[in-house]
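The values are calculated or read from the model by the stated rules, or taken from the named source; none is laboratory data. Not measured: the values here are computed from a predicted model. Cβ: placed from backbone, ideal geometry, glycine included. Neighbour counts: every protein chain shown.
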Amino acid sequence: MAGRDYQIDPDLLRAISWQESKWVVNAIGKNPGSGYGAGLMQIDSQHHARLSEFGIKPEHLLTDACLNIYTGAYYLALAFKKWGVSWEAVGAYNAGFRRTDRQAMRRLAYARKIEAIYRAIKANKNAGQSRLVKNERPHE
């Protein structure tokens, strides 16, 4: 539903959540310099103040998988709005929006990981079919 509501391919959200948490609903990951990531989509603790304006508490991100995915889809949609629907925007989900060479390299590295997972998910779904995913973009 998050994919539908934000017009993001659910398989892309699956790929990101696999990379971020290996699909562990209550995963907690340390983020250097910015606290921690929570849940399937590893929502960064730097967003807690903003999310609290919507009644979303940190513990909700660890116990409500649907809410966590919606929150991740929201932040990915913000990246698509800023960067266009692109792998660079996917990279920004993890590496942020700052326009520095270092951040650009981090965005690219993350996007490559997600693209590989995304293509594997698509290939697995399409096993036995002749359709190729070679030219798919993240939003399809």
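Laid out as a table, the results:
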quantity	calculated
Selected residue (only one of PRO32, PRO58 is surrounded by fewer than 19 Cβ atoms within 10 Å (Cβ to Cβ) and either free of Cβ contacts under 8 Å to residues at least 12 places away in the same chain or within 25 Å of ILE121 (Cβ to Cβ) (or both))	PRO32
Qualifying position, being without any contact (Cβ under 8 Å) to a residue 24 or more places away in the chain and loosely packed, with under 14 Cβ neighbours inside 10 Å, among ALA92, ALA116	ALA116
Breaking point among (1) at pLDDT below 95; (2) surrounded by fewer than 16 Cβ atoms within 10 Å (Cβ to Cβ); (3) under 19 Å from ARG4 (Cα atoms), for LEU78	(1)
Residue within segment 53-64 that is out of contact with any Pro (no Cβ under 6 Å at 6 or more places or on another chain), under 20 Å from TRP87 (Cα atoms) and not in a loop (DSSP other than H, G, I, E, B) present	no
Looking only at segment 1-25, and only at residues there that are among the charged types (D, E, K, R) and buried (at least 17 other Cβ atoms within 10 Å of the Cβ), the one that is farthest from LYS125 (Cα to Cα)	GLU20
Meets criteria (more than 30 Å from ALA123 (Cα to Cα) and out of contact with any helix residue (DSSP H, G or I) (no Cβ under 7 Å at 6 or more places or on another chain)) for ALA49	yes
Condition broken by TYR75, with the remaining ones in (1) assigned to a helix (DSSP H, G or I); (2) within 19 Å of LYS122 (Cβ to Cβ); (3) of a type in the set (Phe, Trp, Tyr) satisfied	(2)
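Residues are listed down the side, and each one gets a yes or a no for (1) closer than 19 Å to MET41 by Cβ; (2) part of a helix (DSSP H, G or I):
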| position | (1), (2) |
| --- | --- |
| ALA92 | yes, yes |
| PHE97 | yes, no |
| GLN103 | no, yes |
| TYR118 | yes, yes |
| LYS122 | no, yes |
